[in-house]
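Data first, discussion second: the structure below is written as structure tokens.
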Amino acid sequence: MIKKYLTFTVKAFQRTLTYRFELWMELLINVLFMLVYVYLWKALYTGRTSVEGYDLNGILTYIVVSQTLLTFTFTLRIARIIEEKVRTGEVVTDLMKPIDFQLMTLATAAGTSSHTALFNMLPKFLLFYGAFGLSLPPSLLTLSLFIMSVVLGYVILFSIEFIIGIFAFWLVEIRGLYAFVIWGLAMLFSGYFLPLEFYPTFLAKVAAVLPFRAIIYFPTAIYTGQFIGEHLVTALLIQLAWVGALVGIGRLGYRAAFRKLVIQGG
Amino acid sequence: MPIITVEHLSKHFKVYKRRTGFWGNLSSTFSREHDIIKAVDNVNFTLERGELVGYIGANGAGKSTTIKMLTGILVPTSGHIDVMGLMPYRHRKENTRRIGVVFGQRTQLWWDLPVIDSFELLKHIYEIPQNLYKQNLEFFSELLQLQPFLSTPVRRLSLGQRMRCDLTAALLHNPEILYLDEPTIGLDVVAKEQVRQFLRQVNAERQVTVILTTHDLNDVEKVCQRLIIIDSGKIIYNGAIDALKKRYGKTRLLIVDLAQAYSDIQLEGVDLTRRDGNRIWLAFDRDTTSASEVIAQLTARYEIQDLTISEPEIEEIVRRIYELGMH
Ligand SMILES: Nc1ncnc2c1ncn2[C@@H]1O[C@H](COP(=O)(O)OP(=O)(O)OP(=O)(O)O)[C@@H](O)[C@H]1O
Ligand SMILES: [Mg+2]
């Protein structure tokens, strides 16, 4: 049962290996962007020791970790993949197989993203870690909770993209919706740009009711030690709740989409 | 007991009228005016286990719609389908385990994976035991000569190669029924022959029930035992190919090149079935009219340049049925 889906993960991982050139280019651009951010923050901190509880080393660690995690957001493209499948009618082929569409999509995404994590995010992170003397999580436990939080954040991001993708069954095109949610809302409220403590109260309040901060801000704040104890547990529970809700909505969405497909034809 | 039973099956599509322009668009959003297309209209037939049936009809006749309902990816508007005791739509997952499907127009293989990887994925999806998988893969590779391109990505295969792989993909899990929607579309003569040979063999050796749609009547003639003809959603013929030939093959065809395009052609006991410039096609019943009588009539009234007599092949019979309906 699980093995069935793991095969999708493995194949997707292997498939990504064939696009090596593109991936190197992507990595190069990412690194340059991160470099600019790091120098920007270094400049902003001249003459200051701490802002909103972050010292220079803290903020640089935050920036590098969140920038690294951001990679998932712009490489996942699940919504676009679903849109493509609907447009070409490939969804019909999926429908004809004894397989769960949502799980299959997640398994495939996990394959591609494992590749990204291993060959893009990890080297990128290690490079900056070495070059700027960043901190590691305070303990091994924090590290494992951080990884757990990254995975939960990933599933949240996946689910949001999955739901956007499902709209392709009704809308002729979802590029606008995708751009609004992923390039707009997610970028604004996930905390990749700034720690959310830096946000004006009003925006911080909006961020608090949206799922996006659970994608980048939560795991990063766990990494830097900003979240500890009760605060950390609450963050993980909020992530879990979002996973449940968004996976559920995605499921209802694709059931409705397939119902429409089998009644109205593809 | 039949393996497939279809009773009073209908599929109606609502097609919403769209007006053009901004106001048109706006108003069609609110008024939901629509036409009803009866793609499949009160269709009845059964298939016995091990049969090999051709399902034919002109463009838009309702073939693909029927196949989609049989495979469970389209819900009937009304009527009943029983496939191996299952309702394909209601029991979609269970149904998919026991059937194989090939749509000639699209592949079920993964576009940028090597062929063999697609097969591996299918092995897991259908939970095919390793030894059965190996055995089937060997059998089909041998029969369809897949070996040379097993490690080629699907996107780089020729249409013929891709079709051979798709056939294998549809059969790896030992389905009891194989649905084929235009499996020979776009193939050259040799590749078509290979597919036909393969289908015959799979049907004979593995007792797979096969239903296929096609526009190439050679497929039907060389592969199928039975023929179902659908026209505008209704079944107009269901029976052996030989019987169709006997029934309609009574008609012989005389193709005549006239010296000029006569405007009015009148001959006793003869149907003018087609005309194209100076060339006319005349059909007559071999039991009541002899060829020499027809030729005598012709030469008496018109100036003739050339003529040939043909015994109608299945192609011609079906063409006439599409054009004129059944009589
Ligand atoms: N999803 C749909 N919505 C509206 N009309 C449809 C839909 N699918 C099919 N139709 C209509 O139903 C009729 C039958 O279509 P179908 O695809 O079954 O024909 P077909 O016999 O397979 O034709 P072809 O030989 O061209 O493949 C056509 O008039 C077609 O336009
Ligand atoms: Mg069709």
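The values are calculated or read from the model by the stated rules, or taken from the named source; none is laboratory data. As the structure is a computational prediction, the values presented were derived from the model and not from experiment. Cβ sites come from the backbone with ideal geometry, for glycine too, and all protein chains shown count toward neighbours. Protein only, heavy atoms only, side chains kept; ligands, DNA and RNA dropped before computing areas. Shrake-Rupley method; radii C 1.70, N 1.55, O 1.52, S 1.80 Å.
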Exercise for the section: Leaving ligands, DNA and RNA out of it, report the carbon-plus-sulfur percent of the accessible area of chain A at a 1.4 Å probe. Expected result: 72 percent
Exercise for the section: Determine the total buried accessible area between chain B and chain A, counting protein heavy atoms only with a 1.4 Å probe; round to the nearest 100 Å². Expected result: 2400 Å²
Practice task
Could you work out the Kirkwood radius for the stretch B:58-159, taking every pair of different alpha carbons, averaging 1/r and inverting it, reported in Å?
Solution key: 15.8 Å
Handout entry: Exposure ranking of B:His124, B:His12 by accessible area [1.4 Å probe, largest first]
Key = B:His12, B:His124
Fill in the blank from the handout: With the dipole of chain B defined by +1 on each Lys or Arg Cβ and -1 on each Asp or Glu Cβ, the option from B:Val318, B:Gly54, B:Leu150 whose Cα lies farthest towards the positive pole is B:Leu150
Handout entry: Too-long pairs where the Cα-Cα distance tops 28 Å, listed order kept, from B:Lys11/B:Lys246; B:Lys134/B:Lys222; A:Lys97/B:Lys134; A:Lys4/B:Lys68; A:Lys11/A:Lys97; A:Lys11/B:Lys134
Key = B:Lys11/B:Lys246; B:Lys134/B:Lys222
Completion exercise
Along the dipole axis of the protein assembly as shown (charges at Cβ: +1 for Lys and Arg, -1 for Asp and Glu; origin at the Cα centre), the most positive-end residue among B:Ser232, B:Val75, A:Met1 is A:Met1
Handout entry: Burial of 40 Å² or greater, the stretch B:116-137 residues [accessible area, probe 1.4 Å, versus chain by itself]
Key = B:Leu121, B:His124, B:Ile125
Practice task
Return one number: the angle in degrees, 0 to 90 and rounded to the nearest 10, between the long axis of the Cα atoms of helix B:115-125 and the longest principal axis of the Cα atoms of chain B.
Solution key: 70 degrees
Practice task
Obtain the nm distance between the two label points defined at A:Leu141 and A:Arg87 by a simple spin-label model: each point lies 7 Å from its Cα along the Cα-to-C-beta direction.
Solution key: 5.0 nm
Exercise for the section: Whole Å is fine, so just give me how far the alpha carbon centre of the stretch A:17-44 lies from that of the stretch A:137-156. Expected result: 23 Å
Exercise for the section: Taking each pair of different alpha-carbon atoms in the stretch B:4-245 once, compute 1/r for the pair, average those values, and report the inverse of that mean as the Kirkwood hydrodynamic radius in Å to one decimal. Expected result: 19.2 Å
Fill in the blank from the handout: Dividing the alpha-carbon radius of gyration of the stretch A:31-73 by 2.2 N^0.38 Å, where N counts its residues, gives 1.17
Exercise for the section: Just read off the accessible area of A:Thr68 with the full protein assembly in place, 1.4 Å probe, to the nearest 10 Å². Expected result: 10 Å²
Handout entry: Value of Rg/Rh across the protein assembly as shown [Cα atoms, Kirkwood radius]
Key = 1.12
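Determine the percent antiparallel among the DSSP beta bridges restricted to the protein assembly as shown, to the nearest 5.
Antiparallel bridges make up about 70 percent of those DSSP assigns within the protein assembly as shown.
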Fill in the blank from the handout: Which residues qualify? For B:Val101, with a placed amide H closer than 5 Å and at least 5 residues away or on another chain, they are B:Tyr179
Exercise for the section: Evaluate the distance, in nm, between pseudo-label points positioned 7 Å from the Cα of A:Leu28 and of A:Leu252 along their respective Cα→Cβ axes. Expected result: 4.7 nm
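At 222 nm, what value in deg cm²/dmol follows for the protein assembly as shown if DSSP H runs of at least 4 each add -39500 (n - 2.57) and the sum is divided by all its residues, to the nearest 500?
-16500 deg cm²/dmol
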Problem - Sparsely packed trypsin sites (Lys or Arg not before Pro) within the stretch A:1-99, loop by DSSP, other Cβ within 10 Å at most 13 - result: A:Arg48
Fill in the blank from the handout: Magnitude of the Cβ-charge dipole (Lys and Arg +1, Asp and Glu -1) of chain A about the Cα centre, nearest 20 debye, reported as 640 debye
Practice task
Binning at 10 Å from 0, report for the stretch A:2-264 what percent of all alpha-carbon pair distances ends up in each bin.
Solution key: 7, 28, 35, 21, 8, 1, 0
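Carbon and sulfur: what percent of the stretch B:250-311's accessible surface (1.4 Å probe)? Before the final figure, lay out the partial values.
Details: 1480 of 3580 Å².
Summing carbon and sulfur atoms, their accessible area is 41 percent of the total for the stretch B:250-311.
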Exercise for the section: Apply the Debye scattering formula to the stretch B:250-311, with a single equal point scatterer on each alpha-carbon and no solvent, then give log10 I(q)/I(0) at q = 0.15, 0.27 Å⁻¹. Expected result: -0.37, -1.31
Problem - Residue (of A:Ala168, A:Ala79, A:Thr142) at the positive-pole extreme of the protein assembly as shown, dipole from beta-carbon charges - result: A:Thr142
Practice task
Tell me the chymotrypsin sites (Phe, Trp or Tyr not before Pro) within the stretch B:211-268 that lie in a loop according to DSSP and have at most 14 other beta-carbon atoms within 10 Å.
Solution key: B:Tyr262
Problem - Size of charge dipole - chain B - debye, nearest 20, with Cβ of Lys, Arg +1 and Asp, Glu -1, no other charges - result: 1280 debye
Fill in the blank from the handout: Residue-normalised value, i.e. accessible area per residue, for the stretch A:22-171 at 1.4 Å probe, in Å², stands at 43 Å²
Handout entry: Only Lys, Arg (+1) and Asp, Glu (-1) charged, at Cβ; the stretch B:57-196 dipole about Cα centre in debye
Key = 300 debye
Practice task
Within the stretch A:36-114, report the GluC sites (Glu not before Pro) that DSSP leaves as loop and that have at most 13 other Cβ atoms within 10 Å.
Solution key: A:Glu52
Completion exercise
Descending accessible area (1.4 Å probe), largest on the left, turns B:Arg247, B:Arg106 into B:Arg247, B:Arg106
